Structure formats: C-alpha cells, structure tokens
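The values are calculated or read from the model by the stated rules, or taken from the named source; none is laboratory data. What you are looking at is a predicted structure, and each value in this text was computed from that prediction instead of being measured. When we count neighbours, we look across all protein chains shown, and the Cβ atoms used for this are built from the backbone with ideal geometry, even at glycine. The area values use the complete protein model at the heavy-atom level, side chains included, leaving out ligands, DNA and RNA. Shrake-Rupley method; radii C 1.70, N 1.55, O 1.52, S 1.80 Å.
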Amino acid sequence: AKTRDLTEALTYQTGSANILSVIASSPTDVGPVLKAIVDSAATLCDAYDAAVMLSDGNFLRFSEHHGPIPIGFEKWPINRHWTAGRAFMDRKAVHLRDLLSDEGDDFPDSQELARRQGHRSILSVPLLHENESIGVIALRRIEVNPFSDKQIALLQTFADQAVIAIGNVRLFDEVQAKTRDLTESLDQQTATSEVLEVISASPGELKPVFQ
C-alpha cells in the first residue's frame, strides 16, 4: 500500500514538474501550457476528457480540450446552472458524482449537456488570480465514478499552474507594450532634438529648419 501511495505521489509530482517545464519553455504563449495541462490532467486523474475554459466577458470560452467526449459549443454563459459557471462564480471546486441524479438537479445546464454529450461524473475547478476567477478547468467521466481527494488536489495544482502561465504571458505583453511606448517616445524626442540643433546651427536661415 505504501509503495502504491509513493508511486502515485511520484507520478503526480512528475506530471506537475512537466507542466512547469513547459511554462519555462513557453513564456510568451499560453497555448502549449494549456495543452500540456489538459493532456496530463486527463491522464493522471483517469478522466475521459479535460477542458480549460477562460473568461470572455459574460461567457466561458473553451480554450483547450483533450479527450473523446465532444464539446459541441464554443462558449457558454457564466451562470450558476452549470458546474463550470458555479465554480467560476463561487471561486471553489464543484464535484458531482452523477449529473443525472438528484444532486445534478441544481445544475440544469449541466444536465442538458450531460444528456447530449454522454458524461456522468464531473469536476470543475476555478483558475484564481489574486482571488478572482479568470477561468475553469474541468474533468469528465462517462460513467458514474467520482474523483478522489488526491485527484481533486492535483487538478487544483494544474489550475494554479495555468494561472501562472496566463500571468506570464500577460506580463510579457505588458512589457512589450511599454517597450513600444518608450521606443516611440524616444524617437519623437530624438526628432525634436535634431530640429532644435538645426535651429541653433542656422539662426539666419529658415529653409534648413523647415527641411
């Protein structure tokens, strides 16, 4: 039993380390990181599929997906009627053993999707940046088979890593924007300085200044 626990812990740690490696090698593009996360999450948590959804106004938009269960839509409104929306709004994990049982009645949108797409057990974990939700990562199983506490904790780790990757890209974009602004300002100041030099060197002539 101890050997199984150690092997499982090592597998989880290896999966987490692999994601950090992808984050380090892809500081300007979140796509490869999200793909690595859904691939690892589905495999290590024994899920049929995994998906990352990012906030887009009043919607959650699917950004990355791994697995055979179809999605069937590009985005879905953020509300409390489906597990991802509830996890996003409440900023905590939502885990349902069986969407088509009584416990799923509080999630009518999720029940509709489950009947359409064929899944039963689901786990949705929010992506939190400074305690604000920016997205959700979800796991699904086609049979009634709840996720373990260890699998829930692992998915929360993957969610944290997704937030790190998204933050890195946003920071890079902000630095790039500031660099462009500074370059433009420097170009303008240099041009102004050159005109002032011509004015100083040609006190009796207008043509060189206008030129």
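How would you classify region 1-52 from its alpha-carbon gyration tensor, with a ≥ b ≥ c the square roots of the eigenvalues: rounded for a/c under 1.5, else prolate if a/b is greater than b/c, otherwise oblate? Could you put the intermediate results ahead of the total?
Numbers: a/c = 5.65, a/b = 1.66, b/c = 3.41.
The shape class here is oblate.
Taking the solvent-accessible surface of protein heavy atoms with a 1.4 Å probe, what is the per residue accessible area of region 1-135 in Å²? Display every interim value, and only then the final one.
Values: 6860 Å² over 135 residues.
Computed with neighbouring chains in place, this is 51 Å² per residue.
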Check: If one takes the longest principal axis of the Cα atoms in the chain, at what angle in degrees, from 0 to 90 and to the nearest 10, does the Cα axis of helix 108-117 lie?
Finding: 80
Checklist line | Spacing of the two label points (7 Å from each Cα toward its C-beta) at Asp46 and Lys2, in nm | finding: 2.3
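Rolling a 1.4 angstrom probe over the protein heavy atoms, how many square angstrom per residue are accessible across region 137-202? Provide the component values of the computation, followed by the final result.
Numbers: 4080 Å² over 66 residues.
The answer is 62 Å² per residue.
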Check: Given region 108-211, what whole percent of its Cα pairs are spread farther than 25 Å?
Finding: 57
Item checked: Within the accessible area of the chain (1.4 Å probe), percent carbon and sulfur -> 53
Item checked: Estimated vicinal HN-Hα couplings, Hz - region 13-28 in sequence order (Karplus 6.51, -1.76, 1.60; Gly, Pro = x) -> 5, 5, x, 5, 5, 4, 5, 4, 5, 5, 4, 5, 8, 9, x, 10
Note to self: Probe radius 1.4 Å, ligands and nucleic acids left out: which of Leu128, Leu20, Leu155 has the largest accessible area, and how do the rest follow?
What the structure shows: Leu20, Leu128, Leu155
Note to self: Run lengths n ≥ 4 of DSSP H only: what is the helix-derived mean residue ellipticity at 222 nm for the chain, with -39500 (n - 2.57) per run over all residues, to the nearest 500?
What the structure shows: -18500 deg cm²/dmol
Margin query: Between Ser202 and Gln117, what is the label-point separation in nm under the 7 Å Cα-to-beta-carbon projection?
Written below: 6.9
Checklist line | Cα-based radius of gyration of region 1-93 once divided by 2.2 N^0.38 Å, which approximates compact folds | finding: 1.25
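Strictly greater than 26 Å: what percent of every Cα pair in the chain meets that? Mind showing how you got there, number by number?
Working: 9985 of 22155 pairs.
Cα-Cα pairs in the chain separated by more than 26 Å: 45 percent.
Rounded to the nearest 20 debye, what is the charge dipole size of the chain about its Cα centre when +1 sits on each Lys and Arg Cβ and -1 on each Asp and Glu Cβ?
Values: 20 positive and 30 negative charges, 125 e Å.
Using only the charged Cβ atoms, the result is roughly 600 debye.
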Margin query: Through the Karplus equation 6.51 cos²θ - 1.76 cosθ + 1.60, θ set to phi - 60°, convert the phi angles of region 74-82 into ³J(HN,Hα) values in whole Hz; use x for Gly and Pro.
Written below: 8, 8, 9, x, 6, 8, 8, 8, 9
Next item on the list: Could you state the orientation-averaged shadow area of the convex hull built on the Cα atoms of region 28-152, in nm² to one decimal?
Entry: 7.3
Check: Of the cross-linked pairs Lys75/Lys150; Lys178/Lys207; Lys2/Lys35; Lys35/Lys92, which ones have a Cα-Cα span greater than 26 Å in the structure shown?
Finding: Lys75/Lys150; Lys178/Lys207; Lys2/Lys35
Notebook entry, point to check: Helix 149-201 versus the longest principal axis of the chain: what is the Cα-based angle in degrees, 0 to 90, to the nearest 10?
Noted result: 10
Next item on the list: Considering only Ala24, Ala177, Ala36, give the residue with the highest GNM mean-square fluctuation for the chain, with springs between Cα atoms whenever their separation is below 10 Å.
Entry: Ala177
